[in-house]
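Report on the structure given below.
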Amino acid sequence: MEWSVPKFPLDTLSDDGLDWLTEHGSWLTRAVSRTVSDGIDALTGALVAVPPWAAITVASLVTYRIGGRRVGLLTLAGLLFLWNLRLWQATVETLVLVVLATVAALAIGIPVGIACALNRRAWQAVAPVLDMMQTLPSFVYLIPALPFFGLGAVSACFATIVFSVPPVIRLTALGIRSVPAELVEACDAFGGSSTQKLVKVQLPLALPTIMAGVNQTMMLALSMVVIAAMIGAGGLGRAVWQSIQRLEAGAGFEAGIGIVIVAVILDRTTQALAARARPP
C-alpha cells in the first residue's frame, strides 16, 4: 500500500540549504580552510622533524609528571612500540588532529556550558540540540563538512569538533549546577560579584566534572578522527581505511593497535589531570 500523503521534501530542503550556504559562504570557508590546513601542515611538519626518540622522551616525562610512574612508563612503551611498527608519522598526524579538535571543542563548549548553567533558558534551548547531536550516527557529521571544506584534514577537523563538543557542554553545566547552594549563598552574602562567584567558587568546585568532560571530548575526537579517514584525513585512521580497501588484515591490525595505544595514553593522562583537580 502506497502513501497518499506527499513526502515532506527534507532531502531537497537540506540540499538547497547546503547549496545556498556553499555559494554565499565560499569566500569564508576557503579562507578558513586555507588557514587551518596551513596550521595543521606546519604543526605536523614541525613534530615529524623532531627525532622520534626525543619526542618520545619528552612525552614520557610529561605524562610521568602528570600521572606518575605507571602512566609515564605506559607512554614510553606504547610510543616506542608504534615507532617500531613504522607508524610514527601516522601517530603524529592523529595526535595533531585530536589535540587541535579537542582544544577548539573546549574553547566552544566550556563557555556554552557556563552560559547553560547560569541561564535556564539557554539550557532549555541548547539541551535538545545536544540530544540530537549525541543521537546522530558519527558518519552523518562527515556529510556537511565536505561541501564547505572538501576532502582532507580540514573537513575531518571540523567534523570532529562538532561531534566531540556535546560532552564538555553537558558536564560543564552539570558541574556548575552541582555546586552546593550554601557556598553560592555565602559568596553572595559576602558581597561577591557574579564574576567573582563564578571564578572563585563555582568553576574551582566544578573543575573535576569539567575535566571528565575534557576526557570524554578527547576520546570522541579520537574516534571521529579515525572515521574521518573516509574523507581524506591522515594518520592511523587512514592506515586502517587503506587496509580495509586492500584486504590487508595484518596492516589493519597494526594500525588498530596503534589507535588503542594512543587512546589509552590520552585517557590515562586526562584521568590523572581530573584526579588532580578534585579537592582534597
* Check off (1) under 23 Å from the mean Cα position of the chain (by Cα); (2) open to solvent by 30 Å² or more (accessible area, probe 1.4 Å); (3) farther than 30 Å from Ile143 by Cα for Met219 and give me the number that stays unchecked. => (3)
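Is one or more of the residues making up the range 82-96 among the acidic types (Asp, Glu) and open to solvent by 90 Å² or more (accessible area, probe 1.4 Å)?
no
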* Which of the residues that make up the range 232-243 are more than 17 Å from the chain's Cα centre (by Cα) and assigned to a helix (DSSP H, G or I)? -> Arg238, Ala239, Val240, Trp241, Gln242, Ser243
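Residues are listed down the side, and each one gets a yes or a no for (1) of a type in the set (S, T, N, Q); (2) on the phi < 0 side of the Ramachandran plot:
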| residue | (1), (2) |
| --- | --- |
| Ile176 | no, yes |
| Pro180 | no, yes |
| Ser194 | yes, yes |
| Ala221 | no, yes |
| Leu247 | no, no |
| Ala263 | no, yes |
| Arg276 | no, yes |
* Only residues in the range 114-132 that are touching a residue at least 60 places away in the same chain (Cβ under 8 Å) count as the first member; pair them with residues that are surrounded by 14 or more Cβ atoms within 10 Å (Cβ to Cβ) and among the basic types (Lys, Arg), Cβ under 6 angstrom, at least 6 apart or cross-chain, and list the lot. => Ala117/Arg177
* Asked: Can you tell which of Thr75, Thr91, Thr102 is under 29 Å from Gly175 (Cα atoms) and in contact (Cβ under 8 Å) with a residue 60 or more places away in the chain?
  -> Thr102
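Scan the range 162-197 for residues that are of a type in the set (A, V, I, L, M), touching a helix residue (DSSP H, G or I) at 6+ places or on another chain (Cβ under 7 Å) and either more than 30 Å from Val98 (Cα to Cα) or open to solvent by 20 Å² or more (accessible area, probe 1.4 Å) (or both) and jot them down. Write out each step before concluding.
We begin by selecting, within the range 162-197, every residue of a type in the set (A, V, I, L, M); these are 162, 165, 168-169, 171, 173-174, 176, 179, 181, 183-184, 186, 189.
Subsequent filtering for residues that are touching a helix residue (DSSP H, G or I) at 6+ places or on another chain (Cβ under 7 Å) retains 162, 165, 168-169, 171, 173-174, 176, 179, 183-184.
The answer is Val162, Leu171, Leu174, Val179, Leu183, Val184.
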* **Failed item, numbered, when Met230 is tested on (1) open to solvent by less than 40 Å² (accessible area, probe 1.4 Å); (2) of a type outside the set (Asp, Glu); (3) in contact with a Leu (Cβ under 7 Å, 6 or more places away or on another chain)** => (1)
* **Unique residue being on the phi < 0 side of the Ramachandran plot, open to solvent by less than 70 Å² (accessible area, probe 1.4 Å) and at pLDDT 90 or above when the list is Ala101, Ala54** => Ala54
* In the range 26-50, what residues are over 25 Å from Asp267 (Cα atoms) and of a type outside the set (Gly, Ala, Ser)? -> Trp27, Leu28, Thr29, Arg30, Val32, Arg34, Thr35, Val36, Asp38, Asp41
* Structure fact -> Per the list (1) of a type in the set (Phe, Trp, Tyr); (2) open to solvent by 30 Å² or more (accessible area, probe 1.4 Å); (3) touching a residue at least 12 places away in the same chain (Cβ under 8 Å), residue check on Tyr64 breaks on (3)
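Inspect all residues belonging to the range 252-259 and state whether any of them is out of contact with any strand residue (DSSP E or B) (no Cβ under 7 Å at 6 or more places or on another chain) and farther than 25 Å from Phe163 by Cβ. Break it down into steps so the answer makes sense when it comes.
Filtering the range 252-259 down to residues out of contact with any strand residue (DSSP E or B) (no Cβ under 7 Å at 6 or more places or on another chain) leaves 252-259.
Imposing the further condition that a residue be farther than 25 Å from Phe163 by Cβ reduces the set to 253-254.
Yes; the residues of the range 252-259 include at least one that is out of contact with any strand residue (DSSP E or B) (no Cβ under 7 Å at 6 or more places or on another chain) and farther than 25 Å from Phe163 by Cβ.
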* Structure fact -> From the option list Ile114, Ile108, single residue qualifying as within 13 Å of the chain's Cα centre (by Cα) and open to solvent by 20 Å² or more (accessible area, probe 1.4 Å) is Ile108
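The values are calculated or read from the model by the stated rules, or taken from the named source; none is laboratory data. Source: prediction; values computed, not measured. No Cβ is skipped: glycine too gets one built from the backbone with ideal geometry, and neighbour counts run over all protein chains shown. Areas reflect the complete protein model, heavy atoms only, side chains present, ligands, DNA and RNA absent. Shrake-Rupley method; radii C 1.70, N 1.55, O 1.52, S 1.80 Å.
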